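Chemist: One structure, as structure tokens, below. Some questions next.
The values are calculated or read from the model by the stated rules, or taken from the named source; none is laboratory data. Since we're looking at a predicted model, the values are computed, not measured. Cβ sites come from the backbone with ideal geometry, for glycine too, and all protein chains shown count toward neighbours.
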């Protein structure tokens, strides 16, 4: 009797849902240990699940497009299988032509099938999977882009064609529209934001920070770190200043429970990273209290590079105790309230860094100066925290930035 190894959904952070996006192998195919088997899409990231053992993929339990819970069985691998087992397996082979439109075996069966279905060559599609792999979702996106850019056929005697009919509203004189399907990531973000907004009473305080000292320190030291391949970003300073502010007001680094407040000793800071129209992810720098500025910069750069390459895993997003939303990188001065990343108690917002005219005391007299300034906000869960703690934390945070030692 053959032995089997189960392919399981990883145990995710509490509340995270996943959708089976694309199977990279089909029943009857031989797989090696750690071969990519199936793509899962969560609210955080698209990840590949690898084979837990070598053998023959005997059964796909959960088909593409299905929601799955942590620990669910996705498929089964027949262990100790021989080549003869491959041909005698009672599993059904895929119904589509394995060659696909390009005939390139680098692409998964699902991608090649999509190529045939949509008339798109996958070699011309930019992949967002691990190491630039083209996924089924990339093919779907390429098809949507192709359809959107296609010219509309002319109508016949004033009668709209089928393409135009799809965009006609049912009510007279209503604006024309078209449908954009929600991605699993967008739906999960929507649920998470709604849950946070309805669970926690949000209150926001806004301060102003002078980045003169930070700018001088960065200009003096960035070349040295660049020689080691490290980009000394402003965000690294924000994380380091957060750690010092937590030392003054540790309750900010907490989680609300109905019968107690859980204050974390480890300061695990998540940094929001936008993925364009797809949504955002929040990779976490763990135990930031034990890291130097250069350590923070290096870890931040690593996470950023992997995020842009689509290589972040769910483990990179777990365990956060506090979050930074650096919304100023896209141009906004102030955003309030920034929705708290539940179950955390607070989130920092950082607006656009720009030169502004300010008044400073010089030799006992007021002087007008031009300084690099930014609005910073702290949005709190008012169940867990009050204005006193909020303002005390922001005061210390701003002091750390403005008194940064060269």
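Chemist: Have a look at 288, 213 and point out the one that is surrounded by 15 or more Cβ atoms within 10 Å (Cβ to Cβ), in contact with a strand residue (DSSP E or B) (Cβ under 8 Å, 6 or more places away or on another chain) and in contact (Cβ under 8 Å) with a residue 40 or more places away in the chain. Quick ask: steps written out before the conclusion?
Modeler: Values: 213 fails: in contact with a strand residue (DSSP E or B) (Cβ under 8 Å, 6 or more places away or on another chain).
Answer to the check: 288.
Chemist: How many residues does region 237-273 hold that are surrounded by 16 or more Cβ atoms within 10 Å (Cβ to Cβ), modelled with pLDDT of 95 or more and not in a strand (DSSP E or B)?
Modeler: 16
Chemist: Which of the residues spanning region 374-403 are surrounded by fewer than 19 Cβ atoms within 10 Å (Cβ to Cβ) and either in a loop (DSSP other than H, G, I, E, B) or out of contact with any helix residue (DSSP H, G or I) (no Cβ under 9 Å at 6 or more places or on another chain) (or both)?
Modeler: Hits for region 374-403 are 382, 383, 386, 387, 388, 391, 403.
Chemist: What is the residue count in region 54-106 for residues that are at pLDDT below 50 and within 22 Å of residue 34 (Cβ to Cβ)?
Modeler: Adding up the residues that qualify gives 4.
Chemist: Now for a separate question. Is there a residue being crowded, with 17+ Cβ neighbours inside 10 Å, more than 20 Å from residue 328 (Cα to Cα) and in contact with a helix residue (DSSP H, G or I) (Cβ under 7 Å, 6 or more places away or on another chain) anywhere in region 228-236?
Modeler: Checking region 228-236: at least one residue is crowded, with 17+ Cβ neighbours inside 10 Å, more than 20 Å from residue 328 (Cα to Cα) and in contact with a helix residue (DSSP H, G or I) (Cβ under 7 Å, 6 or more places away or on another chain).
Chemist: Just give me the residues in region 240-252 being within 17 Å of residue 201 (Cα to Cα) and under 26 Å from the mean Cα position of the chain (by Cα), in sequence order.
Modeler: 252
Chemist: Something else: Tell me yes or no: at least one residue of region 217-231 is touching a residue at least 40 places away in the same chain (Cβ under 8 Å), under 20 Å from the mean Cα position of the chain (by Cα) and under 18 Å from residue 299 (Cβ atoms).
Modeler: No, region 217-231 contains no residue that is touching a residue at least 40 places away in the same chain (Cβ under 8 Å), under 20 Å from the mean Cα position of the chain (by Cα) and under 18 Å from residue 299 (Cβ atoms).
Chemist: Within region 330-354, restricting attention to residues that are under 19 Å from the mean Cα position of the chain (by Cα) and within 12 Å of residue 208 (Cα to Cα), which residue is surrounded by the most Cβ atoms within 10 Å (Cβ to Cβ)?
Modeler: Per the stated criteria, the residue is 349.
Chemist: A follow-up question, please. Which condition from (1) at positive phi; (2) touching a residue at least 40 places away in the same chain (Cβ under 8 Å) is the one that residue 248 breaks?
Modeler: For residue 248, the exception is condition (1).
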